[in-house]
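The structure appears below as structure tokens.
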Amino acid sequence: MKKKVLITGAAGFLGSHLCDRFIKEGYDVVGMDNLITGDLQNIEHLFSLKEFDFYHHDVTKFVHISGRLDYILHFASPASPIDYLKIPIQTLKVGAMGTHNLLGLAKEKGARMLIASTSEVYGDPTVHPQTEDYWGNVNPVGPRGVYDEAKRYQEAITMAYHTYHGLETRIVRIFNTYGPRMRLNDGRVLPAFIGQALRGEDLTIFGDGSQTRSFCYVDDLIEGIYRLLLSDYAGPVNIGNPSEITIKEFAEEIIALTGTKQKVIYHPLPKDDPKQRKPDISLAKKLLGWEAKIARTEGLERTYSYFKTLSYDQLHKKEHKDFTQYVK
């Protein structure tokens, strides 16, 4: 009998790629999304498949799936600063109430649940590179706290269900990831740079550009998540590419990739913005036999090719969704 998986945040960047992967692996997939930040265009190619069902639903409300369920992957959450600063309460609710609802569903169904945590649980780290046993340096009352603490709580309640109820759970700590289906105007550095280059605008760096990030191509990340789900390890695992680069160097790479002649302009660094990001993936190598395979040069070429297919309207859209109706 085919196994059945529920993927929340299914119309988002990572959720849509997970839907593709699990269908490819022979699963029946139920996608769920409230479409606050997700886009049905990311999964419209799946609607004709008998292996795929879609539920337009907010996981902060009671979640019911009929029949058996083998796995739950909880990827519903705003994930970029532009989103979670506009909808801070919804961001906290999906990490807390949404995770609680889905853990209850997993307990009812006897399903294994994997949650999408993040490198943001490390905050502005004082340990470099970041290992899973580092507890982080997070400002709970700062502007980024709504996302960072939502994810930290999500990890805590997931581990509580594992230890108290014996639920099978997995925790992936995702580092910066990029690839096709990212929203061009979601505020993150890679789509921001490529979008500015395609529009002929100057590239905007916040801070002096010395802060670092480590970018993982989406196909590598999905492979790591898939292996982690099927592993026997309940603790958090970093999945990311440890190839570290400064933001200034990254801007230069984008200018070279796109062949544009724009300047780089500088703005003040936002409050609590991490100065450095680099995953220690020793645990992922040991447990999962996983490490990133796709070099940044190749991944950027693929991503740039995707963004070049966007229409003029998509490329120049600067307004974001009105999220006020969801703030309660």
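What follows draws every value from the coordinates through simple rules; no lab data is involved. This one's a predicted model, so the numbers in the text were calculated from it and none came from an experiment. Glycine gets a Cβ as well: all are built from the backbone with ideal geometry, and neighbour counts include every protein chain shown.
So the values come out like this:
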{"item": "Debye, to nearest 20: dipole size of the chain, +1 on Lys, Arg Cβ, -1 on Asp, Glu Cβ", "result": "320 debye"}
{"item": "Of ASP219, ASP83, ASP272, the one that fluctuates the most in a GNM where the chain has Cα springs shorter than 10 Å", "result": "ASP272"}
{"item": "Rg/Rg_ref, segment 1-141, where Rg_ref = 2.2 N^0.38 Å and atoms are Cα", "result": "1.10"}
{"item": "Residue of LEU310, LEU102, LEU167 that the Gaussian network model of the chain assigns the largest fluctuation, springs spanning Cα pairs under 10 Å", "result": "LEU310"}
{"item": "C-alpha center-to-center spacing [segment 7-35, segment 211-225] in angstrom", "result": "18 Å"}
{"item": "Computed Rg/Rh of segment 192-306, alpha carbon atoms with Kirkwood Rh", "result": "1.04"}
{"item": "0 to 90° range, to nearest 10: angle between helix 247-258 axis and the chain longest Cα axis", "result": "80 degrees"}
{"item": "Percent RCO, i.e. relative contact order, over segment 150-233, from Cα pairs under 8 Å lying at least 6 residues apart", "result": "32 percent"}
{"item": "Ratio Rg/Rh [Cα only; Rh per Kirkwood] for segment 142-214", "result": "1.13"}
{"item": "Chymotrypsin sites (Phe, Trp or Tyr not before Pro) restricted to DSSP loop in segment 9-64 with at most 15 other C-beta within 10 Å", "result": "PHE47, PHE62"}
{"item": "Fewest-first sequence of HIS56, HIS74 by Cβ atoms within 10 Å of each Cβ", "result": "HIS56, HIS74"}
{"item": "For segment 1-131, size of Cβ-based charge dipole, Lys and Arg +1, Asp and Glu -1, in debye", "result": "480 debye"}
{"item": "Order of ARG144, ARG199 - criterion: other Cβ atoms within 10 Å of each residue's Cβ, fewest first", "result": "ARG199, ARG144"}
{"item": "Sequence of CYS216, CYS19 once ranked by neighbouring C-beta atoms within 10 Å, starting from the fewest", "result": "CYS216, CYS19"}
{"item": "Mean separation of Cα contacts under 8 Å, 6 or more apart, over the residue count of segment 186-245: relative contact order %", "result": "37 percent"}
{"item": "Within segment 210-290: Cβ-based charge dipole about Cα centre, in debye rounded to nearest 20 (Lys, Arg +1; Asp, Glu -1)", "result": "260 debye"}
{"item": "Angle in degrees between helix 296-308 and the longest Cα principal axis of the chain, rounded to the nearest 10", "result": "90 degrees"}
{"item": "Reciprocal mean inverse distance between Cα atoms of segment 169-260 - Kirkwood radius, Å", "result": "14.6 Å"}
{"item": "Top of ALA116, ALA295, ALA96 by mean-square fluctuation, Gaussian network on the chain, Cα under 10 Å", "result": "ALA295"}
{"item": "Share antiparallel - DSSP beta bridges, the chain, percent rounded to 5", "result": "10 percent"}
{"item": "Square roots of five times the Cα gyration tensor eigenvalues for segment 10-87, Å", "result": "22, 15, 11"}
